[in-house]
Every structure is written in C-alpha cells, then in structure tokens.
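The values are calculated or read from the model by the stated rules, or taken from the named source; none is laboratory data. Note that the structure is predicted; figures quoted are calculated from it, not measured. Positions of Cβ are generated from backbone atoms using ideal geometry, with glycine treated the same way; all protein chains shown enter the neighbour counts. Accessible surface areas use protein heavy atoms only, side chains included; no ligands, DNA or RNA. Shrake-Rupley method; radii C 1.70, N 1.55, O 1.52, S 1.80 Å.
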Amino acid sequence: MDIQVDQLEVILYIPIQCSKHPWDLSVRSVMECPYYLCLKNGDRSIYDTYMDLWSKRDHDVKRNRPYDHFMRQVDGMLRDGGYRSDKAGTEPMRIFRGTRWLLDGHHRAAIICALFGPTTVVPVQEFDRGLPQDLNQCKNPCQD
C-alpha cells in the first residue's frame, strides 16, 4: 500500500526522569522525530542528543549509526531526486499490522518528509510482529 509520509508514526526513545527505567519508548508523528527535526532545523545536536538517549539501551548505536552515515543517506536521496525503492535496503518500509507505526524505515521516512514534503507518498507493507515490550513502560517517573 502507499501512504503519505506524514501519516506514518515512529517509535521513539523519549527522555525520562526515573530511577527504575533508563529509557522509555513512545509513538510519535514522523515530524516529531529527531531525524526530521535535525534536518528541518539544520541542527546536528538534535541527532547527537537522540543518539545519547538511544545509547542507554543499545551501547553500540553511536558506532553503528554515526551522523556521517545519516548524512550520506540524506545526500543520496538528494542526488537521486527523492526516494528510490530500488536503492532501499528494505523495500517497502514496513509497519506493524493494524497501525501506521514504522517497524523499519524510520530514517528514510524522516528524510523524505524533511526534504520532499509531508505529502510525499511512500510504499509500506504491513508486517506481523509484536510491539516492543518496553513501549510506554514508564509513567515518568514510575509510581512504585
């Protein structure tokens, strides 16, 4: 199916103040995600701050997803004049069945939305997979 990129949602790490949980996940619009905001505002610190937050769960994320890799994705889409499914690692982007929540393609969706506009249509495929167990795990802070 095809969908406008601004109708997609992403599962984001969000800042919390809790002694019990080092991170939490929440569903937000693609236009609220740090990758989109980084590009729209031209502010690398948004990307770096998000990677710091994500690294609380995945210690290798900064090494595996450095800013220069993200910018190569951006440059590639600019060079190609938009999203090209034949060059995507996973095509089409996948969403959790019954939702508009991206399972993969978070970076691509944010880049497409920022560079080519929120009404840009992208292919997505529903996928049967359980939601992350730590989605909305914390009341920020937890009430013990």
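Observations on the structure shown:
- Accessible surface of region 4-144, 1.4 Å probe, proportion on carbon and sulfur as whole %: 45 percent
- Cα-based Rg of region 27-87 normalised by 2.2 N^0.38 Å, two decimals: 1.20
- Placing +1 on the Cβ of every Lys and Arg and -1 on the Cβ of every Asp and Glu, with nothing else charged, gives the chain a dipole about its Cα centre of roughly 140 debye.
- Computed with every protein chain present, the accessible area of Lys20 is close to 130 Å² [probe 1.4 Å].
- By DSSP, the beta bridges lying fully in the chain are antiparallel in about 60 percent of cases.
- Residue-normalised accessible area of region 10-130, expressed per residue, 1.4 Å probe, Å²: 53 Å²
- To the nearest ten degrees, helix 44-54 and the longest principal axis of the Cα atoms of the chain are 50 degrees apart.
- Note on Lys62: accessible area approximately 100 square angstrom, rounded to 10, probe 1.4 Å, nucleic acids and ligands left out.
- With all protein chains in place and ligands, DNA and RNA left out, the 1.4 Å accessible area ranks Met93, Met1, Met31, Met77 as Met1, Met31, Met77, Met93, largest first.
- Region 1-80 - charge dipole about Cα centre, Lys and Arg +1 at Cβ, Asp and Glu -1, debye rounded to 20: 300 debye
- Crossing angle, helix 106-116 versus the chain [Cα axis fit, 0-90 degrees, rounded to tens]: 50 degrees
- As a ratio to 2.2 N^0.38 Å, the alpha-carbon radius of gyration computed for region 24-132 takes the value 1.06.
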